[in-house]
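Just so you know, all these numbers are worked out from the coordinates, no wet-lab data involved. What you see is a predicted model, and the numbers here were worked out from it, not measured in a lab. A quick note on method: Cβ atoms are made from the backbone with ideal geometry, for glycine too, and the neighbour counts reach across all protein chains shown.
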Amino acid sequence: MKACTDMKRILVLGATSGIGKALVEQLRALGYEVIAAGRRKALLDALGGETLELDVTAPDAVEKAAATGADTVLFNAGFGERTPMPDANRTDRALQVNILAFERFARWALTTCTCFAATASIAGIRGLEDTNGYSASKAYMINAMEGYRRKARHGKHPCRYVTLMPGFVDTAMGQASTFWRCSPEVAAKVIIRGLLRRKAVVYVTPRWRLIALLLRALPRALFERIPIC
């Protein structure tokens, strides 16, 4: 893969496991300067290289991120847990991480970064049950990223916004189904390829684009009858 000229120093948020960890390892292997950021210090230490202990929901999280001098931010931090009945604590956490923290970083990136990529989800295309706000929060992220792309284009701001759209990935949050589930390593490879090709939306893996089209096209009455697990 060829290096992308607007990606030199990359901050990966949510880097201690899953897709984030794979992104750090693969980007470093390609020769990029990568800062791995996350809450779990022991896992950061195990990753090695340049790290930043960071909770994206902390009041000073953006300030700490800015101090790294990163020109590219990959917002891979996220929270989602399924339960048979709605759980207020899990929903609150999903909103704090997937909406409030995401929004602060996306807003900051507009005039500071050259690239901001955020991990949304196919789950954000339609309202899904038992997700404790995860599906709704990812819907917010999808629409917010589109809005920021428009803002950057029409306001001639330097940052390009890339929406990452995973289906099922073999991580703690992706255990709902084995359908088309890929490994974090494969997911990271697809994401990096999409970033280097300067795509605005990256489906992980590309065949999930078909599911996205189907979900958008289904009439509400039919969609609400289909169990999705």
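Rank these for me by crowding, 185, 129, going from fewest to most other beta carbons within 10 Å. Could the numbers behind the result be given before it?
Numbers: 185 15, 129 12.
Listing 185, 129 from fewest to most nearby Cβ atoms yields 129, 185.
Please compute the modelled spin-label separation between residue 103 and residue 82, points set 7 Å along Cα→Cβ, answer in nm with one decimal.
2.8 nm
Rank these for me by crowding, 32, 161, going from fewest to most other beta carbons within 10 Å. Mind dumping the intermediate values first?
Values: 32 17, 161 25.
With the sparsest Cβ surroundings first, the list reads 32, 161.
When 1/r is averaged over all different Cα pairs and the result inverted, which Kirkwood radius in Å belongs to segment 36-103? It would help to have the intermediate numbers written out before the result.
Working: mean 1/r = 0.0747 Å⁻¹.
Hydrodynamic radius (Kirkwood, Cα only) of segment 36-103 equals 13.4 Å.
R0 = 35 Å: FRET efficiency of residue 200 with residue 43, Cβ-based, nearest 0.05?
Values: r = 31 Å, r/R0 = 0.89.
Once the sixth-power term is evaluated, E becomes 0.65.
Tilt of helix 208-217 relative to the longest C-alpha principal axis of the chain, in degrees (0 to 90, nearest 10)?
Approximately 50 degrees, to the nearest 10.
State the Kirkwood hydrodynamic radius of segment 78-226 in Å, one decimal place, computed from all pairs of distinct Cα atoms. Can you show the working numbers first?
Details: mean 1/r = 0.0624 Å⁻¹.
After inverting the mean inverse Cα-Cα distance, the result is 16.0 Å.
Grab the chain and count how many Lys pairs have their alpha-carbon atoms under 16 Å apart, sequence gap of 8 or more, or different chains.
Working: 2/189; 2/199; 21/41; 21/189; 41/64; 189/199.
Pairs that pass both the separation and distance tests number 6.
Given a cut-off of under 8 Å on Cα pairs at least six residues apart, what relative contact order in percent is computed for segment 9-223? Before the final figure, lay out the partial values.
On the way: 398 pairs, mean separation 38.7, N = 215.
Relative contact order here is 18 percent.
Using a Förster distance of 35 angstrom, determine the FRET efficiency expected from the C-beta separation of residue 50 and residue 157, and round it to 0.05.
On the way: r = 27 Å, r/R0 = 0.77.
Given R0 = 35 Å and the Cβ-Cβ separation, E is 0.85.
Quickly estimate the mean residue ellipticity at 222 nm for the chain, helices only: each DSSP H run with n ≥ 4 gives -39500 (n - 2.57), and the total goes over all residues, rounded to 500. It would help to have the intermediate numbers written out before the result.
Numbers: 9 runs with 92 residues, N = 229.
Calculated mean residue ellipticity at 222 nm is -12000 deg cm²/dmol.
Just to check I understand the Karplus step: with θ = phi - 60° and J = 6.51 cos²θ - 1.76 cosθ + 1.60, what whole-Hz values come out for segment 117-122, glycine and proline as x?
Each residue's phi maps through the Karplus curve to give 10, 10, 7, 8, 5, 4 Hz.
So what is Rg over Rh here for segment 22-61, counting just Cα atoms and using Kirkwood for Rh?
Values: Rg = 10.8 Å, Rh = 10.7 Å.
My calculation puts Rg/Rh at 1.01.
By counting other Cβ atoms within 10 Å of each Cβ, how are 204, 73 ranked from fewest to most? Please list the in-between numbers first.
Values: 204 25, 73 28.
Ranking 204, 73 by Cβ neighbours within 10 Å, fewest first, gives 204, 73.
Using only the C-alpha atoms of segment 1-118, find the volume of their convex hull and express it per residue in Å³.
Roughly 107 Å³ of hull volume per residue.
Would you mind pulling out the separation of the Cα centroids of segment 1-70 and segment 144-169, in Å?
For segment 1-70 versus segment 144-169, the Cα centre distance is 20 Å.
Describe numerically, in nm with one decimal, the distance between label points set 7 Å from Cα along Cα→Cβ at residue 180 and at residue 224.
Going from the residue 180 label point to the residue 224 one covers 2.5 nm.
Whole-Hz ³J(HN,Hα) for each residue in segment 94-107, computed from phi via Karplus 6.51 cos²θ - 1.76 cosθ + 1.60 with θ = phi - 60°, x for glycine and proline: what do you get?
My calculation for segment 94-107 gives 4, 5, 5, 7, 7, 10, 5, 5, 3, 4, 4, 5, 5, 5 Hz in order.
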